[in-house]
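> First the structure, which I've put down as structure tokens, then a few questions once you've had a look.
The values are calculated or read from the model by the stated rules, or taken from the named source; none is laboratory data. Everything quoted here is computed from the prediction, not taken from an experiment. We place every Cβ from the backbone using ideal geometry, glycine too, and count neighbours over all the protein chains shown.
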Amino acid sequence: MRSNEEKTSDPSLEIITYGNPILRKRAAEIKNITQDIKEIAKKMIHTMHTAPGIGLAAPQINHSIRLITVDLSAGENKEDLIILVNPRIITQDGNHEEAEEGCLSVPGINEKVARSSHLQCVGYDLNENEKKIHAEGLLARVISHELDHLNGKLFIDYLSPLKKSIIKKKLKKK
């Protein structure tokens, strides 16, 4: 056990949940990748892994900026970590596959959502290098999900009005 002097502060950030207006707002473009942006990304990674989750968008931690982190290995493999600044989808195929999704900002809710199974996106890494990603399967789904967050959209927006209504009632009770 550590003494009080040895304790470090937890770098995890609070994850904003359904009902907070920041989740419905289009996030701002990042003009410069500053040390602050790098620190936010670092905290996002820790928060995502601690939650645990495999994707996180800056609006989910109360920063309305266009920054996402994705890690399908959930922290098990450093090479799987993706950090994208100002990401955007440039192509996606018409094949929509339905699979169950959940979201750290919509806790306790999992529903089937149809998304493109292949996409190509582009953004920048933290060293301001352009990064192009060809994604398929789960990676395409997670990138698409996180980019939705940057545009003020949640996965429940893809559901039928009846399902959405039931989920909203459940979330209001929490």
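> Given the conditions (1) surrounded by fewer than 20 Cβ atoms within 10 Å (Cβ to Cβ); (2) modelled with pLDDT of 95 or more, which single one is not true for A51?
Unmet condition: (2).
> Next up: When you scan region 103-138, how many residues do you find that are closer than 19 Å to A58 by Cβ and not β-branched (V, I, T)?
12
> Restricting attention to region 33-66, report how many residues are touching a residue at least 60 places away in the same chain (Cβ under 8 Å) and of a type outside the set (D, E, K, R).
Adding up the residues that qualify gives 10.
> How many residues are in contact with a Pro (Cβ under 9 Å, 6 or more places away or on another chain) and closer than 15 Å to P87 by Cα if we restrict to region 116-174?
12
> Quick one: which strands (runs of 3 or more DSSP E) lie wholly within region 23-100 and hold at least 1 residues that are of a type in the set (K, R)?
82-92
> Taking region 125-147 only, how many residues are free of Cβ contacts under 8 Å to residues at least 60 places away in the same chain and within 18 Å of G55 (Cα to Cα)?
11
> Condition first: exposed (fewer than 15 other Cβ atoms within 10 Å of the Cβ) and small (G, A, S). Now tell me which residues in region 108-150 satisfy that.
The answer is G108, A114, G137.
> Next question. Right, K163: over 15 Å from the mean Cα position of the chain (by Cα), assigned to a strand (DSSP E or B), more than 17 Å from L56 (Cβ to Cβ) and without any contact (Cβ under 8 Å) to a residue 60 or more places away in the chain or not?
Judged against the criteria, K163 is not a match.
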